[in-house]
Every structure is written in structure tokens, then in C-alpha cells.
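K.L.:
What follows is a structure written as C-alpha cells; I'll ask about it next.
The values are calculated or read from the model by the stated rules, or taken from the named source; none is laboratory data. Computed from a predicted model, the values in this text were never measured in an experiment. Glycine gets a Cβ as well: all are built from the backbone with ideal geometry, and neighbour counts include every protein chain shown.
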Amino acid sequence: MNHNDFVVVWRGTKDISKNESNTGLKHLRKFALLNKHTNFITVAPPHRYDLPDFSCVNQEAQVFKRKLHKQLKDMQHTHIVDVNLTRDQFTRNGLHLNDLGKKRLAKVREHSINTLSTTRDPAISLSWKEAQPGCYHHYCNRN
């Protein structure tokens with residue numbers, strides 16, 4: 001993969017409900033650090049409408065979002081998408097996205113890809129200096 005490619009990662013609230021959010025954050029950060037040459041889009045976990053607002057899973061999802069922003073804020077090749085879906089964009093059970101929610105998510109991801117592809121800083125080109133024959137030390141190139 002290169003700087004023209006995009007990786008989209010969406011960890012769901014099921015991972016959070018299993019108390020695996022800290023492990024997931026470590027893996028996301030490690031993956032993003034290892035792939036600095038690739039654009040990295042992370043979708044923040046949505047609210048679970050099958051559970052009350054005060055449930056531990058929904059509260060942990062909010063904590064996860066804050067930690068996610070903190071973990072990835074220093075990386076220019078990453079973008080966090082917080083979709084802010086409403087209840088009408090989920091199926092009756094309140095856990096899965098319906099067609100309206102899927103279209104909304106696709107539109108937000110498309111916007112993120114367009115944003116990252118136009119705002120990413122260009123590579124810095126460095127001038128090349130020939131080394132003296134037989135010398136491989138930086139102090140041999142001093143003028």
C-alpha cells in the first residue's frame with residue numbers, strides 16, 4: 001500500500017462491550033504507526049439504541065471515542081469519522097444499520113477520503129549530495 005491507498009477500520013460496540021477497548025486502541029495505534037505511508041480512516045463506534053443511554057456499553061463507547069482521538073491526534077495520515085447516527089438509521093433491534101444508516105456512513109467515509117486526499121502534506125524532497133569515494137560518514141561531506 002502507498003500514500004494513495006486508504007484503510008478504513010470500524011471497530012464496533014460489541015468489542016467495547018467485551019471490555020476489549022484498550023487492547024483495540026493499542027492495536028489501532030500500532031497499525032497506524034507501522035503504516036504511515038497509507039491513509040488511515042477510523043470510524044468511531046456508534047451509539048447502541050438497543051441499550052439505554054446510561055448503559056455501561058454506551059458510556060464506554062464515549063470513553064473509547066475520547067481515547068481514540070487522543071491516540072491518533074499526532075498522526076497526519078489518520079482521520080477519525082464520528083458518524084453521529086440517529087435512531088431512524090438503525091433497524092428495529094437498534095443494533096444494526098438499516099439502508100439509510102449505511103448510505104449515511106458511506107457518504108461520511110467518502111467525504112473523509114476526499115478530505116484526506118486533498119489535505120495530506122506533500123512529501124519533502126531532499127537534495128542529494130555525493131559522498132567522497134570510500135567515505136560513508138556524515139562528516140566527510142562537510143564543505
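K.L.:
Evaluate the range 59-68: report whether one residue or more is touching a residue at least 40 places away in the same chain (Cβ under 8 Å) and out of contact with any helix residue (DSSP H, G or I) (no Cβ under 6 Å at 6 or more places or on another chain). Before you say what the answer is, go through the steps one by one.
P.N.:
Applying the first criterion (touching a residue at least 40 places away in the same chain (Cβ under 8 Å)) to the range 59-68 yields 60-61, 63-64, 67-68.
Now drop any that are not out of contact with any helix residue (DSSP H, G or I) (no Cβ under 6 Å at 6 or more places or on another chain), which leaves 63, 68.
Looking through the range 59-68, at least one residue is touching a residue at least 40 places away in the same chain (Cβ under 8 Å) and out of contact with any helix residue (DSSP H, G or I) (no Cβ under 6 Å at 6 or more places or on another chain).
K.L.:
Out of everything in the range 90-112 that is in contact with a Phe, Trp or Tyr (Cβ under 7 Å, 6 or more places away or on another chain) and surrounded by fewer than 16 Cβ atoms within 10 Å (Cβ to Cβ), what residue ends up being farthest from residue 39 (Cα to Cα)?
P.N.:
Of the range 90-112, the ones in contact with a Phe, Trp or Tyr (Cβ under 7 Å, 6 or more places away or on another chain) are 90, 94, 96-98, 101.
With the extra rule that they be surrounded by fewer than 16 Cβ atoms within 10 Å (Cβ to Cβ), the set shrinks to 94, 96, 98.
Details: 94: 31, 96: 27, 98: 28 Å.
Out of the qualifying residues, it is 94.
K.L.:
Do we have any residue at all in the range 82-89 that's within 20 Å of the chain's Cα centre (by Cα), surrounded by 17 or more Cβ atoms within 10 Å (Cβ to Cβ) and either within 20 Å of residue 3 (Cβ to Cβ) or of a type in the set (A, V, I, L, M, F, W, C) (or both)? Outline the logic, then answer.
P.N.:
Of the range 82-89, the ones within 20 Å of the chain's Cα centre (by Cα) are 82-85.
Of the ones still in play, those that are also surrounded by 17 or more Cβ atoms within 10 Å (Cβ to Cβ) are 83, 85.
Then drop every residue that is not either within 20 Å of residue 3 (Cβ to Cβ) or of a type in the set (A, V, I, L, M, F, W, C) (or both), which leaves 83, 85.
Yes, the range 82-89 contains at least one residue that is within 20 Å of the chain's Cα centre (by Cα), surrounded by 17 or more Cβ atoms within 10 Å (Cβ to Cβ) and either within 20 Å of residue 3 (Cβ to Cβ) or of a type in the set (A, V, I, L, M, F, W, C) (or both).
K.L.:
Among the residues of the range 39-53, write down those that are of a type in the set (A, V, I, L, M, F, W, C) and assigned to a loop (DSSP other than H, G, I, E, B). Spell out how you get there, then give the answer.
P.N.:
Residues of the range 39-53 that are of a type in the set (A, V, I, L, M, F, W, C), as a first pass: 40-41, 43-44, 51.
Once the filter is applied, which keeps residues that are of a type in the set (A, V, I, L, M, F, W, C) and assigned to a loop (DSSP other than H, G, I, E, B), the range 39-53 yields 44, 51.
K.L.:
Filter the range 29-45 for residues that are in contact with a helix residue (DSSP H, G or I) (Cβ under 8 Å, 6 or more places away or on another chain) and free of Cβ contacts under 8 Å to residues at least 40 places away in the same chain and give the result.
P.N.:
From the range 29-45, those in contact with a helix residue (DSSP H, G or I) (Cβ under 8 Å, 6 or more places away or on another chain) are 29, 32, 39-45; that's our starting set.
Once the filter is applied, which keeps residues that are in contact with a helix residue (DSSP H, G or I) (Cβ under 8 Å, 6 or more places away or on another chain) and free of Cβ contacts under 8 Å to residues at least 40 places away in the same chain, the range 29-45 yields 40, 42, 44, 45.
K.L.:
Please specify each residue of the range 54-77 satisfying the condition of being under 12 Å from the mean Cα position of the chain (by Cα), surrounded by fewer than 17 Cβ atoms within 10 Å (Cβ to Cβ), part of a helix (DSSP H, G or I) and not charged (D, E, K, R).
P.N.:
69, the sole residue that qualifies.
K.L.:
Additional query: Any residue that is touching a strand residue (DSSP E or B) at 6+ places or on another chain (Cβ under 9 Å), within 20 Å of residue 90 (Cα to Cα) and among the β-branched types (Val, Ile, Thr) - is there at least one of those in the range 33-41? Before you say what the answer is, go through the steps one by one.
P.N.:
The first filter runs over the range 33-41 and keeps only residues touching a strand residue (DSSP E or B) at 6+ places or on another chain (Cβ under 9 Å), leaving 35, 38-41.
Still in the running and within 20 Å of residue 90 (Cα to Cα): none.
No.
K.L.:
So in the range 1-38, with the set limited to residues that are under 12 Å from the mean Cα position of the chain (by Cα) and part of a loop (DSSP other than H, G, I, E, B), which one is surrounded by the most Cβ atoms within 10 Å (Cβ to Cβ)?
P.N.:
The extreme case among them is 11.
K.L.:
Tell me yes or no: at least one residue of the range 10-28 is touching a His at 6+ places or on another chain (Cβ under 9 Å) and closer than 18 Å to residue 116 by Cα.
P.N.:
No - not one qualifying residue is present in the range 10-28.
K.L.:
Among the residues in the range 44-51, are any over 12 Å from the mean Cα position of the chain (by Cα) and of a type in the set (Ser, Thr, Tyr)?
P.N.:
Yes, because at least one residue in the range 44-51 is over 12 Å from the mean Cα position of the chain (by Cα) and of a type in the set (Ser, Thr, Tyr).
K.L.:
Test residue 121 against the stated conditions and say whether it is exposed (fewer than 12 other Cβ atoms within 10 Å of the Cβ) and at pLDDT 90 or above. Steps first, answer last, please.
P.N.:
Values: exposed (fewer than 12 other Cβ atoms within 10 Å of the Cβ): yes; at pLDDT 90 or above: no.
So residue 121 fails the test.
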